[in-house]
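What follows is a set of notes on a single structure, which appears directly below.
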Amino acid sequence: MTHQIQRTLWHALVLILLCWAWPSWSATPGPGKWSAQQTWAADSVNGGNLTGFFYWPASEPKIGGKRALVLVLHGCKQTAAGDVVNGNDGGYNWSAMGDQYGAVIVAPNATGNVYYLHCWDYANTSHTRASGHDKVLLDVVDRFVKDPQYQIDPNQVYVTGLSSGGGETMVMGCLAPDVFAGLGINAGPTPGTTTIQIGGVPSGYTASTAASRCKAMAGSAADKFSTQIAGAIWGTFDYTVDQKYGPLATEAMRIVYGSSFTPSAAETVPGGGTNIPYRDSNGKVRTHEITVAGMGHSWPAGPGGQNVNFVDNTKVNYPAFVMDFWYKNNLRVGTSVGPEMKSCTAAGISTTSATVSGAATGDVKNYTVVLNGPTAVNDNAAGAGANFNKTYNLAAGNYSGTVTATDTANRTSAACNIAQFSVGSEPALTPPTGITAGAVTDTAVPLTWTAAGAATGYQVYVNGARVTTEPVAGTAYTVSGLTANTAYTITVTSVGNGGESAQSAALAVTTTAGNGGWTCTAVTASNYAHVQAGRATVKYGVAYANGSNDLMGLSSLYFRSTLAQTAQGFYKVGNCP
């Protein structure tokens, strides 16, 4: 008996030591490196099998013990091996995000040689889950989701890509909203446009056009749009894909999502980016729009990525941004995403103080109170637990603000907006200051300004005429519908206390010349000369114009064509318009 007791105690000690010595993994750790090239489903439309690579991190997942899956689509003239992965991750710079979030990253190669440039077939006129690129991409996602060793959460599946990969990203989100919880569209044309329209949005084509195409693709899965999120990013020096496709895509997705949306104030993204997030009627962030100053037609990899072949490591780190966007705003994983603010208010208001209170779900370690007004407050130690209240000494004036909750896993809730309140007597209504223009285009001027203390909204004036139909709630607005290469004077007024302030100091801006300032030129030469000069590409003895892929005829000294260069690297058959 004594021997049996000793043996039992020894077994118990061993188990205790094992539990102490080894971490308790909620998901099986992977090798923490890119795989060898894989072969997946056959593509009967474009030819061959889908191939590619995947990154399986050694780190634990962030949410609920299950991993996210990110599908990353290269652009034309790129490959998964040479550009997305590029060794053990120069490329698009995705492995770091795999490690940080415990996410599996999948980087496939486009099957066939679509548009003769190794593109994804985003411009297909009949997208379906049953054939082509759409089918093989959904198949590879399904393989990872159903394979228990990867422990993928089907509510955390995302897709992103550049150029034709950006166009295909939107296609996949529209075709299968039940599969993809979030999208990240980088310089991608929208559904229903053709390859020769990448340099300019077609006349009469609007966000409503794109939204209609998107809804039609979804079919019976359209109800899943209610929990999908999306974003777009583009460079101000992108003259390959029209920059207007970026905001057009996100506006289309907001139409598809079917709510009323409010843009928040513009946010600075490290690396020259400016982001405008849009919240739905429930206060949830559903889309983002990032313009990157000085970036051309490139994937913004940020430091750690490559800096060649349409990848830019000197600007925004989009993998870091979009993963944070998906992680914080995912609408399909419930409260396990983090805390949720239930209420917030300012009460007990006197002539010198106000008490801010709030409540949230989850294991809240701290509340952050931000008050905008004569006495600025940014307090990240306002309280903890299920609820809090804290009194602040404030100078007389109007105040507004927010409360957020952060849990023990460092997840922060969406902001709860505190209704405007006044301490002491009502201050005079003054115009806003710091009117600043963002990246000006040929037809639009994005504006930001500093809030005026007593304002409940703002009106925008161009050359003395008001252009806002109702007061703008935030401190950002984009003036659109302008004429190229034209000087304008812009002012902003404050609205509140039943009146309107005087106009702000004027901001003088001049729109760009149009088409990114590009001047069209036309050259008539032999098809052979066009090919030699880099204006055209030859395939099987036939010449095609670079960019538009217009058919020119045989590549020969005896066949002549006129090519018009309408944008950087973009040629079409014919004269300049």
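The values are calculated or read from the model by the stated rules, or taken from the named source; none is laboratory data. Computed from a predicted structure; not experimentally measured. Note that we place each Cβ from the backbone using ideal geometry, even for glycine, and neighbour counts take in every protein chain shown. These accessible areas exclude ligands, DNA and RNA; they are computed on the full protein's heavy atoms, side chains included. Shrake-Rupley method; radii C 1.70, N 1.55, O 1.52, S 1.80 Å.
Working only within the range 190-231, note down all residues that are in contact with a Phe, Trp or Tyr (Cβ under 8 Å, 6 or more places away or on another chain), under 21 Å from P247 (Cβ atoms) and among the aliphatic types (A, V, I, L, M).
Across the range 190-231, the qualifying residues are I198, V201, I229.
Has the range 79-97 got any residue that is of a type in the set (D, E, K, R) and within 15 Å of T169 (Cβ to Cβ)?
Scanning the range 79-97, I find no residue that is of a type in the set (D, E, K, R) and within 15 Å of T169 (Cβ to Cβ), so the answer is no.
Any residue in the range 62-77 that's assigned to a loop (DSSP other than H, G, I, E, B): show its pairings with residues that are of a type in the set (A, V, I, L, M) and open to solvent by 10 Å² or more (accessible area, probe 1.4 Å) at Cβ separation under 7 Å, as long as the two are six or more apart or on different chains.
That search, which allows pairs on different chains as well, returns G64/V333; C76/L117; K77/L117.
Name the residue, out of G204, G294, that is modelled with pLDDT of 95 or more, within 30 Å of N546 (Cα to Cα), open to solvent by 10 Å² or more (accessible area, probe 1.4 Å) and not in a strand (DSSP E or B).
G204
Report, by residue number, each residue of the range 27-50 that is of a type in the set (V, I, T) and touching a residue at least 60 places away in the same chain (Cβ under 8 Å).
Result: T28, V45.
Check off (1) closer than 25 Å to H288 by Cα; (2) at pLDDT 95 or above for T391 and give me the number that stays unchecked.
Among (1) closer than 25 Å to H288 by Cα; (2) at pLDDT 95 or above, T391 violates only (1).
Give me the strands (runs of 3 or more DSSP E) completely within the range 308-386, filtered to those with at least 3 residues that are out of contact with any helix residue (DSSP H, G or I) (no Cβ under 9 Å at 6 or more places or on another chain), polar (S, T, N, Q) and closer than 26 Å to A419 by Cβ, ordered by residue number. Write out each step before concluding.
Numbers: elements: 341-347, 353-360, 364-372, 377-379.
In the range 308-386, 353-360, 364-372 are the strands (runs of 3 or more DSSP E) which contain 3 or more residues that are out of contact with any helix residue (DSSP H, G or I) (no Cβ under 9 Å at 6 or more places or on another chain), polar (S, T, N, Q) and closer than 26 Å to A419 by Cβ.
Based on what the data block shows, is S131 free of Cβ contacts under 8 Å to residues at least 24 places away in the same chain and either open to solvent by 30 Å² or more (accessible area, probe 1.4 Å) or outside the structural domain of T314 (by the TED database) (or both)?
Answer is no for this residue.
Residues of the range 237-261 being among the hydroxyl-bearing types (S, T, Y) and at pLDDT 95 or above, which ones?
Within the range 237-261, Y245, T250, Y257 qualify.
Any idea how many residues of the range 37-54 are open to solvent by less than 30 Å² (accessible area, probe 1.4 Å) and part of a loop (DSSP other than H, G, I, E, B)?
Qualifying residue count for the region: 1.
What residue, among those in the range 145-169 that are of a type in the set (V, I, T) and out of contact with any helix residue (DSSP H, G or I) (no Cβ under 7 Å at 6 or more places or on another chain), is farthest from M323 (Cα to Cα)? Please lay out each step first, then the result.
As a first pass, look at the range 145-169 and keep what is of a type in the set (V, I, T): 145, 152, 157, 159-160, 169.
Imposing the further condition that a residue be out of contact with any helix residue (DSSP H, G or I) (no Cβ under 7 Å at 6 or more places or on another chain) reduces the set to 145, 169.
Details: V145: 19, T169: 15 Å.
Looking at residues that are of a type in the set (V, I, T) and out of contact with any helix residue (DSSP H, G or I) (no Cβ under 7 Å at 6 or more places or on another chain), I get V145.
Given (1) part of a loop (DSSP other than H, G, I, E, B); (2) among the hydroxyl-bearing types (S, T, Y); (3) under 24 Å from V292 (Cβ atoms), where does T160 come up short, assuming only one miss?
Failing condition for T160: (1).
Name, by its number, the condition in (1) assigned to a helix (DSSP H, G or I); (2) modelled with pLDDT of 95 or more; (3) under 19 Å from W299 (Cβ atoms) that does not hold for G82.
(2)
Would it be correct to say that E267 is open to solvent by less than 40 Å² (accessible area, probe 1.4 Å) and within 16 Å of the chain's Cα centre (by Cα)?
For E267, the condition - open to solvent by less than 40 Å² (accessible area, probe 1.4 Å) and within 16 Å of the chain's Cα centre (by Cα) - is not met.
Looking for something part of a helix (DSSP H, G or I), touching a Phe, Trp or Tyr at 6+ places or on another chain (Cβ under 9 Å), open to solvent by less than 40 Å² (accessible area, probe 1.4 Å) and within 21 Å of A68 (Cα to Cα) - is there at least one such residue anywhere in the range 102-122?
No, the range 102-122 has no match at all.
Just one of A81, A96, A27 is outside the structural domain of S298 (by the TED database) and either more than 30 Å from V538 (Cα to Cα) or buried (at least 16 other Cβ atoms within 10 Å of the Cβ) (or both); which is it?
Testing whether each residue is outside the structural domain of S298 (by the TED database) and either more than 30 Å from V538 (Cα to Cα) or buried (at least 16 other Cβ atoms within 10 Å of the Cβ) (or both) leaves just A27.
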